[in-house]
Amino acid sequence: MRTVLGVLLLALAVSGQALGSSGMSLEDADADVFDKASVRRGAALYSNYCAGCHSIKHLRYSRFAADLNLKESDLRRDVMLGGASIHDSMLSGMAKSDGTKWFGVDPPDLSLVSRARGADWLFSYLKGFYVDPSKPTGVNNAVFPDVGMPNVLWELQGLQKPVFKESGGVKVIDRLQLVEKGRMTTDEFDQAMNDLVNFLVYAGEPALYQRIPLGKYVILALLLLSVLLYQLKKEYWKDVH
């Protein structure tokens, strides 16, 4: 029974990743943390558009620089905030009290957001803002309805409006339509959000850069050990009839 329940819970978790809260299908983020140029661009986007409110407290600038082979001058130009030290964690300059006052809730730390939500959810969420005059921020989100976060990326993406459809007698969002162009084309914005997602996936587990390459050698060692153990078994059992 426990096994059956476990399988059912896993299925529900996977289905939750496939659909956003509004019922819209999630887009494929095509995440690749080993595209280090993309991760670096994503870090610059995080610094410019996210770090004002959100921290990544489990990642230090020094670790990021070492993993991506960056000099401190590169960090200070593209990623580091103000007078931060290279040994500091990637912390927001916003006080918790200000976040709660302005947005109703303290903006969450993003260290593990990619592991909690998944890359596809993040990609779809970042692209999912649309104009909604009924909300205090003037926007809503197709993936996370009633979210308190403003659309800080509007100047890059432009402004979108929802196109609705009927589903089971309920009005739901079918797609989002661009009504005012931003500084980027649709393809450029998709690439920028892919870069940002890649950075957040990396931030969720920086050890990926060491763990996955090391895993190849571990598997090879286990295969060699299997051959040796098989030969040993044959030797022990050769006189048994």
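The residues of segment 84-111 that are touching a residue at least 12 places away in the same chain (Cβ under 8 Å), more than 24 Å from Ala65 (Cα to Cα) and touching a helix residue (DSSP H, G or I) at 6+ places or on another chain (Cβ under 8 Å), listed by number, are Val105, Pro107. Yes or no: Asp35 in the same structural domain as Pro136 (by TED's automatic domain parsing), at pLDDT below 90, among the charged types (D, E, K, R) and touching a helix residue (DSSP H, G or I) at 6+ places or on another chain (Cβ under 8 Å)? No: the conditions fail for Asp35. Here the condition is being modelled with pLDDT of 90 or more and either part of a loop (DSSP other than H, G, I, E, B) or touching a Ser or Thr at 6+ places or on another chain (Cβ under 9 Å) (or both); of Leu45, Leu70, it holds for Leu70 alone.
Can you find even one residue in segment 202-222 that is crowded, with 20+ Cβ neighbours inside 10 Å, out of contact with any helix residue (DSSP H, G or I) (no Cβ under 6 Å at 6 or more places or on another chain) and in a loop (DSSP other than H, G, I, E, B)? Looking for residues that are crowded, with 20+ Cβ neighbours inside 10 Å, out of contact with any helix residue (DSSP H, G or I) (no Cβ under 6 Å at 6 or more places or on another chain) and in a loop (DSSP other than H, G, I, E, B), one finds none in segment 202-222, hence no. Checked against (1) hydrophobic (A, V, I, L, M, F, W, C); (2) under 29 Å from the mean Cα position of the chain (by Cα); (3) in the same structural domain as Val139 (by TED's automatic domain parsing), Val170 passes all but a single condition, namely (2). So is Phe144 touching a residue at least 40 places away in the same chain (Cβ under 8 Å), in contact with a helix residue (DSSP H, G or I) (Cβ under 8 Å, 6 or more places away or on another chain), at negative phi and of a type outside the set (A, V, I, L, M) or not? Taking the combined requirement at face value, the residue satisfies it. Within segment 26-42, if we keep just the residues that are charged (D, E, K, R) and part of a loop (DSSP other than H, G, I, E, B), the residue that is surrounded by the fewest Cβ atoms within 10 Å (Cβ to Cβ) turns out to be Asp28.
Every test in (1) assigned to a strand (DSSP E or B); (2) of a type outside the set (Ser, Thr, Tyr); (3) surrounded by fewer than 12 Cβ atoms within 10 Å (Cβ to Cβ) is passed by Lys101 save one, and that test is (1).
Of the numbered criteria (1) within 23 Å of the chain's Cα centre (by Cα); (2) closer than 19 Å to Tyr49 by Cβ; (3) in a strand (DSSP E or B), the one Ser92 fails is (3).
The values are calculated or read from the model by the stated rules, or taken from the named source; none is laboratory data. Remember, predicted model here, so these are calculated numbers, not experimental data. Note that we place each Cβ from the backbone using ideal geometry, even for glycine, and neighbour counts take in every protein chain shown.
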